[in-house]
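Report on one structure; see the data block that follows.
The values are calculated or read from the model by the stated rules, or taken from the named source; none is laboratory data. None of these values were measured; they are calculated from a predicted model. Here the Cβ is made from the backbone with ideal geometry for all residues, glycine too, and neighbour counts use every protein chain on show.
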Amino acid sequence: MYKKILVAMDGSETSTRALSEAVKMAELTKGTVHAVYVVDKTPLFNYAGYYDPVALVDALRKDGRTVLDNAHAACSKAGVACETELIETERMTEDVAQTLERCAERTGAELSVMGTHGRRGVRRVVLGSVAERFVRFSQCPVLLVRGMEPQNTAGKEA
């Protein structure tokens with residue numbers, strides 16, 4: 001059964017829900033949760049002329065450490081073994097999904113858990129989906145945990 005469980009964290013409520021599911025799975029299997037936060041440096045190149053990229057990366061790393069500390073505390077509270085890792089995109093062409101896949105392979109993850117916002121239509125096309133790209137290339141099973149997005153009652157997107 002799943003002993004090495006990777007969970008992708010980004011500080012959102014959806015990733016917190018994914019962590020909760022990973023913890024439940026680890027409790028059942030006596031497994032270890034490997035919480036990962038990816039610092040995505042690729043968009044920073046677009047703003048290099050406007051902002052100090054070093055300061056921005058440092059801020060992202062600080063946010064990531066806070067998220068991972070919270071994940072570790074949640075695992076400890078549940079009595080689940082936890083490892084945390086802050087990783088960064090390596091190349092301008094590498095995205096978060098590829099970075100997570102590289103981490104899953106390196107750590108020997110037997111299950112990956114991640115949140116998905118469940119966006120559809122134009123919002124999905126514009127914003128993209130890390131979860132969708134990750135699922136396409138993952139070498140291990142993936143558990144997607146849907147977020148709690150407010151319902152659009154005025155008009156549904158296709």
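For the reader, a short list of remarks on this structure follows.
- Any hit, the stretch 141-153, residues being at pLDDT below 80, out of contact with any strand residue (DSSP E or B) (no Cβ under 8 Å at 6 or more places or on another chain), closer than 17 Å to Asp40 by Cβ and not in a helix (DSSP H, G or I): no
- For the stretch 68-93, the candidate set comprises residues that are loosely packed, with under 14 Cβ neighbours inside 10 Å and of a type in the set (D, E, K, R); within that set, the residue that is modelled with the lowest pLDDT is Arg91.
- Test: residue in the stretch 60-67 that is at pLDDT 85 or above, more than 20 Å from Val145 (Cα to Cα), over 12 Å from the mean Cα position of the chain (by Cα) and part of a loop (DSSP other than H, G, I, E, B): no
- Filtered residues of the stretch 1-52 (kept if modelled with pLDDT under 90 and either in a helix (DSSP H, G or I) or closer than 23 Å to Gly108 by Cβ (or both)): Met1, Thr42, Pro43, Leu44, Phe45, Asn46, Tyr47
- Members of the stretch 109-119 that are in a loop (DSSP other than H, G, I, E, B) and either at pLDDT below 55 or touching a strand residue (DSSP E or B) at 6+ places or on another chain (Cβ under 7 Å) (or both): Ala109, Glu110, Gly118
- Here Glu21 does not qualify as charged (D, E, K, R), at negative phi and in contact with a helix residue (DSSP H, G or I) (Cβ under 6 Å, 6 or more places away or on another chain).
- Considering Ala8, Ala35, the condition of being in contact (Cβ under 8 Å) with a residue 60 or more places away in the chain, among the aliphatic types (A, V, I, L, M) and within 18 Å of Val130 (Cα to Cα) is satisfied by Ala8 alone.
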